[in-house]
1. List the residue pairs whose Cβ atoms are under 6 Å apart, where the first residue sits in segment 429-454 and is among the aromatic types (Phe, Trp, Tyr), the second is buried (at least 20 other Cβ atoms within 10 Å of the Cβ), and the two are 6 or more positions apart or on different chains.
2. Of all the residues that make up segment 387-434, how many are farther than 18 Å from His175 by Cα, open to solvent by 10 Å² or more (accessible area, probe 1.4 Å) and not charged (D, E, K, R)?
3. What number of residues within segment 96-131 are among the polar types (S, T, N, Q) and part of a loop (DSSP other than H, G, I, E, B)?
4. What pairs come out if I take residues in segment 98-109 that are closer than 15 Å to Arg120 by Cβ and pair them with residues that are assigned to a helix (DSSP H, G or I) and small (Gly, Ala, Ser) whose C-beta lies under 9 Å away, six or more apart or interchain?
5. With closer than 28 Å to Ser457 by Cβ, in contact (Cβ under 8 Å) with a residue 40 or more places away in the chain and under 21 Å from the mean Cα position of the chain (by Cα) as the only criterion, which of Gly290, Gly307 stands out?
6. Output the qualifying pairs, or none if there are none: Cβ atoms under 7 angstrom, residues six or more apart or on different chains, first residue in segment 482-493 and closer than 21 Å to Ser263 by Cα, second residue part of a helix (DSSP H, G or I) and aliphatic (A, V, I, L, M).
7. Only one of Arg115, Arg127 is within 19 Å of Phe172 (Cβ to Cβ), surrounded by fewer than 20 Cβ atoms within 10 Å (Cβ to Cβ) and touching a helix residue (DSSP H, G or I) at 6+ places or on another chain (Cβ under 9 Å); which?
8. Could you check Leu88 against (1) at pLDDT below 95; (2) part of a loop (DSSP other than H, G, I, E, B); (3) open to solvent by less than 40 Å² (accessible area, probe 1.4 Å) and say which number it fails?
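The values are calculated or read from the model by the stated rules, or taken from the named source; none is laboratory data. Only a predicted model underlies this, so the values are computations on that prediction, with no experimental measurement involved. Cβ coordinates were reconstructed from backbone atoms using ideal geometry, including for glycine residues, and neighbour counts include every protein chain displayed. Remember, those area values only see protein heavy atoms, side chains included, never the ligands or the DNA or RNA. Shrake-Rupley method; radii C 1.70, N 1.55, O 1.52, S 1.80 Å.
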Amino acid sequence: MHAEDNSSTAGDSPRQFDFVVVANRLPVDRVVDDDGGAHWRRSPGGLVTALAPVMQDADGAWVGWHGAPDETVEPFTHGDTDIVPVTLSTDDVELYYEGFSNATLWPLYHDVTARPEFHRTWWDAYRRVNRRFAEATAKVAAPGATVWVQDYQLQLVPRLLRQIRPDVTIGFFNHIPFPPPEIFAQLPWRREVLEGLLGADLLGFQRTSDARNFVRAALRLTGASSARVTVEGKPQTGKSQTLMVDPGLPTAHLCVAEAYPISIDVSQIDALAQDPAVVDRARQIRHELGNPRTVLLGVDRLDYTKGIRHRLKAYEELLKDGDLTVEEACLIQVASPSRERVEQYRRLREEIEGTVGHINGAFDTLGRTAVRYLHHSYPMEEMVALYLAADVMLVTALRDGMNLVAKEYVTARVDNTGALVLSEFTGAADQLKQAFLVNPHDIDGLKSAILAATTVSRPDAARRMRSMRRQVFTHDVQGWSTAFLDRLSELTRADGQRHE
């Protein structure tokens with residue numbers, strides 16, 4: 001099946017490209033019109049935005065799944081990007097994606113916030129699908145091409161691809177945390193995953209601590225025990241971890257692990273925050289809430305790593321203690337649907353909605369609501385309006401690779417007002433140091449931080465926000481992709497003899 005949107009099918013023999021991105025999902029979504037016609041639309045999200053100019057300049061291709069199981073889609077072109085779909089069956093989605101990726105790796109990599117499950121059938125599917133991605137990539141990568149593999153679903157691809165195509169340069173970026181070796185060691189297939197990653201030339205992580213965790217795990221748990229580890233100066237992050245490894249690949253190579261904190265498209269959000277229609281919508285939101293003195297906001301995927309329950313508990317206790325009242329404060333909680341076919345996520349949704357109902361039942365008045373709970377996904381225009389309407393942003397993740405919502409909120413506060421309560425267990429906490437940093441497990445500390453944010457003086461709030469906005473504007477998502485790819489190119493030049 002092939003849905004059209006200014007797209008053209010590829011020829012019988014696959015084209016080859018000098019730059020290839022490999023990700024679980026393609027950068028396009030299929031949209032069905034009212035008349036039943038289908039077309040492709042560019043997906044929202046920072047990764048697609050960051051790589052769009054790179055794909056345009058490099059005439060690149062994107063390898064990924066198009067989102068519908070048991071359906072084969074032929075390669076096509078959308079805008080400036082050649083699309084190379086990989087087919088997944090219903091079993092693949094259940095075992096590789098919902099199973100191993102999101103019920104094994106996701107909780108394990110988030111410091112066992114939930115209990116990971118280890119099933120051999122899931123692992124077998126993960127290996128099978130990773131090989132399919134690697135083989136699809138090998139077919140479309142030109143000689144000496146640069147390949148950038150994305151995220152935890154495809155950790156075996158670097159090594160598999162290098163076995164097939166030792167001539168290509170391979171980067172890998174892990175968008176979620178990488179756990180300490182003591183936690184990672186629980187994975188029965190730990191060595192295979194580490195060796196899969198060691199097939200890359202450059203491994204990017206959100207935080208320096210994640211890169212260090214990987215290096216420690218690789219040295220402890222793989223045959224790279226004879227590797228030498230050096231720490232070298234690097235302007236961006238201060239330090240990088242360099243491994244010389246020989247994991248049984250066709251050619252020896254240097255694998256470097258470094259931190260490359262991802263960011264957002266600041267120009268888009270900055271423009272929306274100054275759009276009169278969005279500003280009017282923000283005023284309307286506050287009016288619909290009854291114009292409370294303080295609007296608090298949480299925006300999360302409905303996931304147990306996001307600390308939504310801790311946030312609600314702290315807010316409920318503030319209401320119970322009388323430190324906040326529904327006459328003067330309202331919490332908006334946006335919880336975007338997430339993995340609703342997974343039982344653990346269905347239970348989480350029921351628990352969150354039950355807690356919201358309990359709080360509202362105890363504290364609502366005829367004219368005021370304590371919590372406005374919204375189980376929806378919203379376009380960026382509405383999200384920026386919410387950011388403008390909120391006096392206090394609550395980001396209380398128990399563990400998060402970065403958390404771009406924190407950066408979006410800061411970017412939207414064009415008048416330097418507002419306050420950010422930010423979990424110290426997010427990657428964003430390394431950069432947004434002027435936020436009200438909290439340990440979300442400490443409910444009393446979280447309550448104190450929320451109160452401090454609601455009562456911060458205007459000059460102090462402006463000082464904090466100016467500092468955070470300066471950081472985000474200086475390190476945007478285009479800078480992230482450029483820094484990573486420049487470093488990958490630098491490593492390739494330094495190790496040029498490998499391709500001879």
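1. Taking only residues 6 or more apart or on different chains, the pairs are Phe436/Val421; Phe436/Ala449; Phe436/Ala453.
2. 6
3. Of segment 96-131, the ones among the polar types (S, T, N, Q) are 101-102, 104, 113, 121, 130.
Filter once more, so that each one left must be part of a loop (DSSP other than H, G, I, E, B): 113.
The total comes to 1.
4. Within 9 Å, the pairs are Gly99/Ala125; Phe100/Ala125.
5. Values: Gly290 fails: under 21 Å from the mean Cα position of the chain (by Cα).
The conditions single out Gly307.
6. Leu485/Val54
7. Arg127
8. In the conditions (1) at pLDDT below 95; (2) part of a loop (DSSP other than H, G, I, E, B); (3) open to solvent by less than 40 Å² (accessible area, probe 1.4 Å), Leu88 misses (1) alone.
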